[in-house]
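Q: Got a structure for you, questions after.
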Amino acid sequence: MNRSVLSALKAVAVLVAITVVSVGILTVCNMFFPKYTPTLDAETARKINSIAKACDSDEEAFSDGYIVMLYEDEIGVSLSEFNKNNKSRKAEILAVYGEPKGYLTGAFIIESTAEGRDSSIVILSAYKDGALFGATVKKQNESYFDKLPDNLFGSVLGSSGDVDLKADLGKTGATVSLTAINRALNMSNAFALIHGDKVREAISARSKAELQSISSSKKGVRRD
């Protein structure tokens, strides 16, 4: 066996070893640091109800259908495709929720994310009548997050396009975190502006389905 063949075999062996190690590292990371998946759980419903009050009880908002997660086939929009087409925004849409009944019937909430200094930052943004009316940070693990003001979104409520939190808030000591939040919010604003009508139609369909279900239940009740 000549030297060139031996060199080629050694190179292949090194590549195989690197691949095996990389796969092992990824497997361990996935075990201990699983990828975040958006879900409508009790805590998410509580946070949504705090910015888009569907009813007085957080528990009822979660259990009684005041807040629902909308699916891509209902909206008619692929979130992954939207994220791909807006890759330059350096943020992603994770999920869309709606309020088919309650105080703010027709309102919808978008969950979005962007990379901060130490973690992915996830925010919830609420929309009605074509404008942002509430927002909150759902998930973060940033070192300097406490440097950001409590009324983080106050200056941009009522907006319907790109905003600039850094210009509004000035120096905060948490520039990278604020930039990520701004990117996530602008991604949500863009989605709401482009696909808001489709989201509202999906919520309306949910509302009608619930009314029909209630009507059917009443018809099925026997009276002695």
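Q: Can you work out the FRET efficiency for the pair ILE194 and GLU60, with r the C-beta to C-beta distance and R0 = 25 Å, to the nearest 0.05?
A: Efficiency, from the Cβ-Cβ distance: 0.20.
Q: Follow-up question, since we're still on this one. What does the C-alpha gyration tensor say about the overall shape of segment 126-219? Classify as rounded when a/c is under 1.5, otherwise prolate if a/b is larger than b/c, or oblate.
A: Since a/c reaches 1.5 and a/b is larger than b/c, the shape of segment 126-219 is classed as prolate.
Q: On average over all directions, what projected area in square nanometres does segment 67-224 have, based on the convex hull of its Cα atoms?
A: 11.0
Q: Taking all protein chains as present, what is the carbon and sulfur share of the accessible area of segment 31-129, in % to the nearest whole number, probe 1.4 Å?
A: Of all accessible area on segment 31-129, carbon and sulfur atoms account for 50 percent.
Q: Test of understanding: what is the full-extension gain from THR39 to SER204, defined as 0.36 nm times their sequence separation minus their Cα-Cα distance?
A: Taking 0.36 nm per residue and subtracting the Cα distance, the gain is 57.3 nm.
Q: Moving on to the next point. Under a point-charge model restricted to the Cβ atoms of Lys and Arg (+1) and Asp and Glu (-1), what is the dipole moment magnitude of segment 64-144 relative to its Cα centre, in debye to the nearest 20?
A: 300
Q: Here are some pairs, LYS87/LYS208; LYS84/LYS208; LYS87/LYS171; LYS101/LYS147; which of them have Cα atoms lying more than 31 Å apart in this structure?
A: Listed pairs above 31 Å: LYS87/LYS208; LYS84/LYS208; LYS101/LYS147.
The values are calculated or read from the model by the stated rules, or taken from the named source; none is laboratory data. Note that this is a predicted model, so its numbers are computed, not measured. All Cβ positions, glycine included, derive from the backbone under ideal geometry; neighbour counts span all protein chains shown. Note: areas computed on protein heavy atoms with side chains; ligands, DNA, RNA excluded. Shrake-Rupley method; radii C 1.70, N 1.55, O 1.52, S 1.80 Å.
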